[in-house]
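The values are calculated or read from the model by the stated rules, or taken from the named source; none is laboratory data. As the structure is a prediction and not an experimental result, all values here were calculated from the model. Glycine also receives a Cβ, built like all others from the backbone with ideal geometry; neighbour counts cover every protein chain displayed.
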Amino acid sequence: MKLSIQARNMVVTPGITKRIEKKTETMGKYLRSETEMQIRMRKEKNDRRVVEITVPMGNNVILRSESSAEDNLFLAIDQALAKMERQIRKHRTKLGKRLREEAFPEVPEFIEEDQAEETERQVVKHKTFPVRPMSVEDAIIEMELLGHSFFAFVNIDTDRTNVLYLRKDGNLGLLEPEA
């Protein structure tokens, strides 16, 4: 994610830039690396600080948040970034739901016996991925962002590998191994 910080009637200090970078780190997992977040700050005549954030998401979608505070720029920054993070999550959730609906096309209800005997299942793709410890809630978010119907992770509470999966009824299931 690329940051573009602009200010009017005020100076952007390294402390302000550092605060913005720190607060936007968590949003990086929701956005592509080429996405540009534009942050505009201004000081109005009555010592009011206004922060506007704009993020173009593609497909003619532009997310925007604005916040202001009396004589406290950091509060305005925090409020505007919190609003933007909620909007980004909401947008990503909508995309995830749309992808899940399109991921399961109608499957014929019957398979002829001859076809069932002929088609022997085999592994056609092998993929490795890094597994990091996380909570179940984080795994749910990660699975939705990826748009997959399952997600394998190491549960931070039990230190065991778990599998989170999307059930046919739309709810989620969690597979935990027994010792």
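Just so you know, in the stretch 112-135 the residues that are at pLDDT 80 or above and polar (S, T, N, Q) include one that is surrounded by the most Cβ atoms within 10 Å (Cβ to Cβ), and it is Ser135. Could you please tell me which pairs satisfy a Cβ distance under 6 Å, a separation of 6+ or placement on different chains, a first residue in the stretch 6-32 that is in a strand (DSSP E or B), and a second residue that is surrounded by 12 or more Cβ atoms within 10 Å (Cβ to Cβ) and modelled with pLDDT of 90 or more? Close Cβ pairs (under 6 Å, with a partner that is surrounded by 12 or more Cβ atoms within 10 Å (Cβ to Cβ) and modelled with pLDDT of 90 or more) amount to Gln6/Arg40; Ala7/Met41; Arg8/Arg42.
Each residue in the stretch 10-39 was checked for being over 20 Å from Gly58 (Cα atoms) and either of a type in the set (D, E, K, R) or not assigned by TED's automatic domain parsing to the domain that holds Ile77 (or both), and 6 pass.
Could you check the stretch 17-28 and list, in sequence order, the residues that are under 15 Å from Gln79 (Cβ atoms) and of a type in the set (Val, Ile, Thr)? Within the stretch 17-28, Ile20, Thr24 qualify. For the stretch 40-97, a residue qualifies if it is of a type in the set (A, V, I, L, M), within 17 Å of the chain's Cα centre (by Cα) and either outside any strand (DSSP E or B) or modelled with pLDDT of 85 or more (or both), and the qualifying residues are Val55, Leu63, Leu81, Ala82, Met84, Ile88, Leu95. Within the stretch 4-39, the residues that satisfy the criterion of being more than 16 Å from the chain's Cα centre (by Cα) and surrounded by 13 or more Cβ atoms within 10 Å (Cβ to Cβ) are Ile5, Ala7, Val12, Ile16, Thr17, Arg19, Ile20, Gln38, Ile39. Summed over the stretch 140-179, the residues that are closer than 27 Å to Leu31 by Cβ and assigned to a loop (DSSP other than H, G, I, E, B) give a count of 5.
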